[in-house]
Each structure stands twice: as structure tokens, then as C-alpha cells.
Amino acid sequence: MCQIRPNPMDLTKCGLGMEEEDETDWKAAKACFDNLKSKTPRPPKPKHAVTIAVSSRTLFDMVSERKLYEEEGIEKYVAHQIEHESDPLAPGAAFPFVKAVMNVNSRLRELYPDSEELFDVVLMTNNHAQVGVRLINSINHHGLHIERFCMTGGQSPIGYLKAYMTNIYLSKDAEKVTEAIQEGIAAATMFTQASQNELSDTQLRVAFDGDAVLFSDESEIIVKKGGLDVFFEHEKKFENTPLAQGPLKCFLEALGKLQRKFYAKNERLNCPIRTYLVTARSAASSGARVLKTLRSWGLEIDEALFLAGAPKGPLLQKIKPHIYFDDQMFHIEGAKEMGTISAHVPYGIGQKYNKGKLIEVPAKE
């Protein structure tokens, strides 16, 4: 379900250009930038980066602006943004996450000055280009390093995600997130938490649910249709068979790639990226398959927390992640009520249920 980087041979076959030409163009552009004296680091080449596409309403608090747009229309909205373009927007739900990834980039540049294996944040928005000045001013005001923009003037930006080689897309628009996942892009709908937790300013913390997030919804389907006993029997029988990948598996893989760069410099205990698996599974009854699946993928998780159905909110309040991904709104609601920045992954059979009960869909007339 995750976006797969294009194979250079495939590009050649499709007539989209050759790898050698791409390298030549990139080197020429980079040489041009290098000749310009600047203390601002240049964004990395997309194929080397971990690219995070984030919407403007997710990065900044634009609730009042959104209300103006819905009530008075696009012209009033654009005029308001131009009038207030010198007034920086306040941080939104994704802001702490973006700040944290930029802190990781600073550490990576210290250890690998010439490396392009970094986080690259792209502002992906359907805003009109005239609104871009206020967005740029807000980014500069908050000291964010975001150089790549995609402003689509009212059209959906989803079609550009693959072109930007996006590893994950974060938005407040659930329909666009669903569309991105259907296109094979890791994506999640972000929510503003009810209260503010104090977050680490030295370590990026990312927490994942398991089924229908890192893994497929295979096991959730069995639970919903057959109950827990059938599920436990199934997991025991297939303990040594890896689960299929879920929509965010590739994002965990991308985080692991950057973590290993710190490990190579003997910085494992001081790594600024920490990952968590927070799952409702029971360890004794169904945990082994999860851990063996991660091992089969060659991936590590720093902390694996099996809750056996207990609420996730209190534990997440202790972890204080910069972002927590879950496929069930029940868990998202509980997490954000306790101050956790949460992101819903609209994938799998769980979308047909609410608090364990099947959602009744009205029959079409």
C-alpha cells in the first residue's frame, strides 16, 4: 500500500527519461546552488530523502480562515489572506512533528555533512498561489526549513504525491487521505489534541498501531467475523507466516533507514528517532506473529507495547509521541482527549465499525 520508488529501468521503458540524464540534471542544478553563498541548507534530492507532504491546515492553525472560506467563499478568503499575509499563522496539529524531524536533520548533518538521506518536508496544499506569501512568511517566522511547495489553486493535490516521491501525506481532509491511500501512498488524517503535552525537543517519537496500520487488516477481519478465540487460534497456527504489509509499513521502513545512520556512528543510545508499537493485541496469545513479521521485514521497533485490549490513551500520555497512527477512531478519540497528537489511517475493515459495532449503511433507493 505504500508508495514504491520508481525503478530507473521502468522509467526508461516508459520514455520518462534515463537515470544518467536525471543525475546530470541534478548535479548541474546542485552546482548552481552551491555557487550561491548561503547558510541555508538545500533540500535533498527526492529519491534519497524521506519526504513528508503536509497540508497547510495541518501544519498551521487555520480554523478561522477555513470558516471564512466556507461561509463567504474563495474570493473573501484569498483577500483576507493577502490582507493578513504579514501576520504569521499559529502552529497546527503537525507542527511539533515537523519541528522534530527538522531537529533530526540537524543531527544527521552533523554526522554526515554531505549526505542527502534526510527528511524533506513538502507543503502540499490546494490553496491559491496568492495565499503562498502568508504561508512562506509563517514558515520563516517559525524557523521551519520547508523549500518545496505544491499549491494547486483549489484542485486536489493527490495527483502530485507520487511526483514528489512522498513517503507519507498528512492532512485534515479525510477524503483526500483516503484517496492517497487508494493511490498507494501512506497517509493519515491529523487531529488536534484536547490538551497540550510537553514533548521532547531532542527526540522524534513516532507511535504506530499494528493491524491495519503497519500490517494488513487480515487479523482484524478474523476478529470481527469470528471473535477472539478464532483469532487466537488463527494467530497460533500462522505464527511463522508474516503478516501482509499495511499502509504505513514503508514509513516505518524509512524511519529505520535514518535510524541506522545513527547506529553506524555508534549513536544507538543517543538516536534522535524512537519508534513505538502500541497494539491492543495480547502478547502471549497473538504477539509473536507481530514481532516475527517485523523481523522478516528486517525492521526494528524500539518499544513494543501489547495492551490486551486495555485503553491506549494513558500509555500514550506517558510516551508523548509527536504523532500516533491508528486505524480506529475510537482509539484516536481516546488518545487526543489525553493530549496525544493523533492521526487516523482510514484503511481496512475497521472503517466499517464504531466501538466494535457494525456501522449501518442506509440502502440505496
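Within the stretch 172-186, being in a helix (DSSP H, G or I) and either of a type in the set (Lys, Arg) or not assigned by TED's automatic domain parsing to the domain that holds ALA93 (or both) holds for one residue alone: LYS176.
Can you find a residue that is part of a helix (DSSP H, G or I) and either among the basic types (Lys, Arg) or within 19 Å of PHE191 (Cα to Cα) (or both) anywhere in the stretch 79-88?
So the first thing to find is which residues in the stretch 79-88 are part of a helix (DSSP H, G or I), and the list is 79-83.
Narrowing further to those that are either among the basic types (Lys, Arg) or within 19 Å of PHE191 (Cα to Cα) (or both): none.
No, because not a single residue in the stretch 79-88 is part of a helix (DSSP H, G or I) and either among the basic types (Lys, Arg) or within 19 Å of PHE191 (Cα to Cα) (or both).
In the stretch 117-171, of all residues being part of a strand (DSSP E or B) and within 18 Å of TYR77 (Cα to Cα), the one that is farthest from the chain's Cα centre (by Cα) corresponds to MET151. The single residue among LEU36, LEU68, LEU16 that is surrounded by 14 or more Cβ atoms within 10 Å (Cβ to Cβ) and either assigned to a helix (DSSP H, G or I) or modelled with pLDDT under 65 (or both) turns out to be LEU68. Is it the case that the stretch 248-271 has a residue that's in contact with a strand residue (DSSP E or B) (Cβ under 8 Å, 6 or more places away or on another chain), under 28 Å from GLY227 (Cβ atoms), assigned by TED's automatic domain parsing to the domain that holds PHE231 and outside any loop (DSSP other than H, G, I, E, B)? Within the stretch 248-271, one or more residues are in contact with a strand residue (DSSP E or B) (Cβ under 8 Å, 6 or more places away or on another chain), under 28 Å from GLY227 (Cβ atoms), assigned by TED's automatic domain parsing to the domain that holds PHE231 and outside any loop (DSSP other than H, G, I, E, B).
Applying the selection to the stretch 151-164, what residues are among the hydrophobic types (A, V, I, L, M, F, W, C) and surrounded by fewer than 20 Cβ atoms within 10 Å (Cβ to Cβ)?
MET151, ALA163
Being surrounded by fewer than 17 Cβ atoms within 10 Å (Cβ to Cβ), in contact with a helix residue (DSSP H, G or I) (Cβ under 6 Å, 6 or more places away or on another chain) and either among the aromatic types (Phe, Trp, Tyr) or farther than 23 Å from PRO272 by Cβ (or both) is a description that applies to ALA194.
Just to be sure before I move on: is ALA53 within 27 Å of the chain's Cα centre (by Cα), surrounded by fewer than 16 Cβ atoms within 10 Å (Cβ to Cβ) and in contact (Cβ under 8 Å) with a residue 24 or more places away in the chain in the structure I sent? Answer is no for this residue. Give me the residue from the stretch 273-299 that is surrounded by 16 or more Cβ atoms within 10 Å (Cβ to Cβ) and of a type in the set (Gly, Ala, Ser) and, out of that set, farthest from the chain's Cα centre (by Cα). The extreme case among them is SER285. If you go through the stretch 320-347 one residue at a time, how many are buried (at least 18 other Cβ atoms within 10 Å of the Cβ), hydrophobic (A, V, I, L, M, F, W, C) and assigned to a helix (DSSP H, G or I)? Number of matching residues: 3. Answer yes or no: is there a residue in the stretch 57-73 that is under 13 Å from GLN130 (Cβ atoms) and in contact (Cβ under 8 Å) with a residue 40 or more places away in the chain. No, there is no match, as no residue in the stretch 57-73 is under 13 Å from GLN130 (Cβ atoms) and in contact (Cβ under 8 Å) with a residue 40 or more places away in the chain.
Looking only at residues in the stretch 225-246 that are buried (at least 17 other Cβ atoms within 10 Å of the Cβ), assigned to a helix (DSSP H, G or I) and not aromatic (Phe, Trp, Tyr), which one is farthest from the chain's Cα centre (by Cα)? Filtering the stretch 225-246 for residues that are buried (at least 17 other Cβ atoms within 10 Å of the Cβ), assigned to a helix (DSSP H, G or I) and not aromatic (Phe, Trp, Tyr), the one farthest from the chain's Cα centre (by Cα) comes out as HIS234.
The values are calculated or read from the model by the stated rules, or taken from the named source; none is laboratory data. This one's a predicted model, so the numbers in the text were calculated from it and none came from an experiment. All Cβ positions, even for glycine, are placed from backbone atoms using ideal geometry, and neighbour counts span all protein chains on display.
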